[in-house]
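Let me begin by presenting the structure, written as structure tokens, before commenting on it.
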Amino acid sequence: MSTLKQIETAEKTLENIGNPNPLTKGEILEQVKYSPAIQKNPKAVYDTAGYKKAEDKLLKDKKIDFNSRLSRLAEIFHDKDKRAVLGANKEITSMLGEYKQTDVKAVALFDRLEKDLKE
């Protein structure tokens with residue numbers, strides 16, 4: 001089960017997608033009133049099952065389009081944490097299976113991300 005702070009963090013994070021001046025994860029956590037220690041280590045929130053569950057529910061509830069989800073995952077591909085990259089890769093692969101009519105942009109983005117990962 002997600003805490004109220006995890007839900008609010010997920011909401012603010014998803015609102016931040018496509019923002020011309022995006023906030024950092026630490027800035028989002030500051031807005032949600034997490035402690036300075038947590039703000040410096042966003043993985044302590046973003047890598048929890050509660051946060052992921054809240055984000056998934058919001059994605060489904062708000063019907064955020066496929067390309068926005070891919071854009072969010074693309075950011076993870078540039079993370080230095082290999083587990084995060086592998087998780088994003090797995091999620092993208094499952095997303096491609098979810099949609100019967102695959103978006104050409106999505107496939108191109110996925111191919112580019114795979115290429116970047118190999119380099």
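The values are calculated or read from the model by the stated rules, or taken from the named source; none is laboratory data. Because the structure is a prediction, the values reported are computed rather than measured. We place every Cβ from the backbone using ideal geometry, glycine too, and count neighbours over all the protein chains shown.
For this structure, a couple of remarks:
- Qualifying residue in the stretch 41-54 (condition: modelled with pLDDT of 90 or more, assigned to a loop (DSSP other than H, G, I, E, B) and more than 15 Å from residue 5 (Cα to Cα)): yes
- Entry remark, the stretch 21-45: residues being surrounded by 12 or more Cβ atoms within 10 Å (Cβ to Cβ) and closer than 13 Å to residue 9 by Cβ number 16 in total.
- Exclusive hit being modelled with pLDDT under 90, among the charged types (D, E, K, R) and out of contact with any Cys (no Cβ under 7 Å at 6 or more places or on another chain), set 12, 57: 57
- Of all residues in the stretch 20-37, those satisfying the criterion of being among the hydrophobic types (A, V, I, L, M, F, W, C) and outside any loop (DSSP other than H, G, I, E, B) are 28, 29, 37.
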